[in-house]
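Heads up: the structure comes next, in structure tokens.
The values are calculated or read from the model by the stated rules, or taken from the named source; none is laboratory data. For clarity, every value in this text was computed on a predicted model and none was experimentally measured. Here the Cβ is made from the backbone with ideal geometry for all residues, glycine too, and neighbour counts use every protein chain on show. Side chains included, ligands, DNA and RNA excluded: accessible areas come from the protein's heavy atoms. Shrake-Rupley method; radii C 1.70, N 1.55, O 1.52, S 1.80 Å.
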Amino acid sequence: MSLDPNLSAEPALLVEHVVKRFGALTALRDVSLRLNQGEVLGLIGDNGAGKSTLIKTICGYHRPDAGRIVVGGREVVLRGVDHARSLGIDAVYQGLALINELSVYHNMFLNRELRVGPLLNNRAMRRLAREHLADMGVNIRDVGAEVAKLSGGQRQAVAVARAVYSDAKILLLDEPLAAMGAKEGALILDLIRDLKARGDVSVIIIAHNYAQVLDVCDRVNLLQHGTITFDEPTSEVSLERLTDLVVAEYRNRRLRR
Ligand SMILES: Nc1ncnc2c1ncn2[C@@H]1O[C@H](COP(=O)(O)OP(=O)(O)O)[C@@H](O)[C@H]1O
Ligand SMILES: [Mg+2]
């Protein structure tokens, strides 16, 4: 490998001309997207635009029908979410992926269980889960409680904590602020700011609250009908402009009907 002086300018992730179909429906028509190192990218778009499908394609859950995914400069064909995770890509899905019957701490260490020899190190997982949640300011009295017993916001916080403490280098957060009260939402936003300050994690976050997107993201992409139609640094866009874009889409759709 050559010593490229621009190596640090290598994007964390490139998505190039990705297509994803579900039978006759084309969810992703032609998506190209760039996530820079240490960047927080906001992904916005109407319901059904393909946002979740894109996240699930990048985290190895869906196989694209065409296009390329490049991670840290190397093209990868993701064989599944475990493969993506091994490459440092971790996602918090919309609607979550917690196991209701397991405890909070077992969920936090799912597929990454700590062991002493062949045995689960429940003690250490319990302690770390408690510490991580406390660091995030999330108040869960008993990390041994089943996840089913938690509120929607608490479950979301556990899912985000799991991803954040997973050593992932690319974090994909699909509407992490949905189902959250104002206070819990603020905790998640703080956490994302902390990650940004660390600089070694790159984040794509899907959100519907554009003020929050402008607040926490470096750049914003708009996904419309399976393709990215807008890509600007947040420093260059106003809340009014983002709202206008989405309202214009809504109006066009009504006219087409
Ligand atoms: N597993 C699936 N099977 C069939 N159609 C799907 C599936 N997942 C998503 N879709 C469809 O793909 C389109 C994009 O969905 P989605 O990615 O969930 O949009 P968004 O997250 O932007 O609201 C929608 O028309 C949706 O119904
Ligand atoms: Mg979605």
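Test GLY95 against the stated conditions and say whether it is touching a strand residue (DSSP E or B) at 6+ places or on another chain (Cβ under 8 Å) and either modelled with pLDDT of 90 or more or assigned to a loop (DSSP other than H, G, I, E, B) (or both).
Values: touching a strand residue (DSSP E or B) at 6+ places or on another chain (Cβ under 8 Å): no; either modelled with pLDDT of 90 or more or assigned to a loop (DSSP other than H, G, I, E, B) (or both): yes.
Against the criterion (touching a strand residue (DSSP E or B) at 6+ places or on another chain (Cβ under 8 Å) and either modelled with pLDDT of 90 or more or assigned to a loop (DSSP other than H, G, I, E, B) (or both)), GLY95 does not qualify.
Scan (1) crowded, with 20+ Cβ neighbours inside 10 Å; (2) within 16 Å of ligand 2 (Cβ to nearest atom) for the single condition GLN94 breaks and write down its number.
(1)
Could you count how many residues in region 35-62 are over 12 Å from the mean Cα position of the chain (by Cα), within 8 Å of ligand 1 (Cβ to nearest atom) and in contact (Cβ under 8 Å) with a residue 60 or more places away in the chain?
4
Might you let me know whether region 183-201 holds any residue that is within 16 Å of ligand 2 (Cβ to nearest atom) and in contact (Cβ under 8 Å) with a residue 24 or more places away in the chain? Break it down stepwise before answering.
Of region 183-201, the ones within 16 Å of ligand 2 (Cβ to nearest atom) are none.
Taking every residue of region 183-201 in turn, none turns out to be within 16 Å of ligand 2 (Cβ to nearest atom) and in contact (Cβ under 8 Å) with a residue 24 or more places away in the chain.
Here are the criteria: (1) of a type outside the set (Asp, Glu); (2) open to solvent by 40 Å² or more (accessible area, probe 1.4 Å); (3) away from ligand 1 (no atom under 16 Å from the Cβ); (4) assigned to a loop (DSSP other than H, G, I, E, B). Tell me which single one SER32 does not satisfy.
(4)
In region 29-66, what residues are touching a Gly at 6+ places or on another chain (Cβ under 6 Å) and either among the acidic types (Asp, Glu) or under 23 Å from LEU189 (Cβ atoms) (or both)?
Restricting attention to region 29-66, the residues satisfying the condition of being touching a Gly at 6+ places or on another chain (Cβ under 6 Å) are 29, 38, 50-51, 60.
Matches in region 29-66: GLY38, LYS51.
From the set of residues in region 43-79 that are open to solvent by 40 Å² or more (accessible area, probe 1.4 Å) and in contact with a helix residue (DSSP H, G or I) (Cβ under 6 Å, 6 or more places away or on another chain), which is farthest from ligand 2 (Cβ to nearest atom)?
So the residue we want is PRO64.
May I ask you to list the residues in region 80-91 that are more than 16 Å from ligand 1 (Cβ to nearest atom) and surrounded by 14 or more Cβ atoms within 10 Å (Cβ to Cβ)? Show your work before the answer.
Taking region 80-91 as the starting set, the residues that turn out to be more than 16 Å from ligand 1 (Cβ to nearest atom) are 82-90.
HIS83, ALA84, ARG85, LEU87, GLY88, ILE89, ASP90 - these are the residues of region 80-91 that are more than 16 Å from ligand 1 (Cβ to nearest atom) and surrounded by 14 or more Cβ atoms within 10 Å (Cβ to Cβ).
I'd like the full set of residues that are among the polar types (S, T, N, Q) and at pLDDT 90 or above, limited to region 112-155.
Here is the first cut: in region 112-155, the residues among the polar types (S, T, N, Q) are 121-122, 139, 151, 154.
Once the filter is applied, which keeps residues that are among the polar types (S, T, N, Q) and at pLDDT 90 or above, region 112-155 yields ASN121, ASN122.
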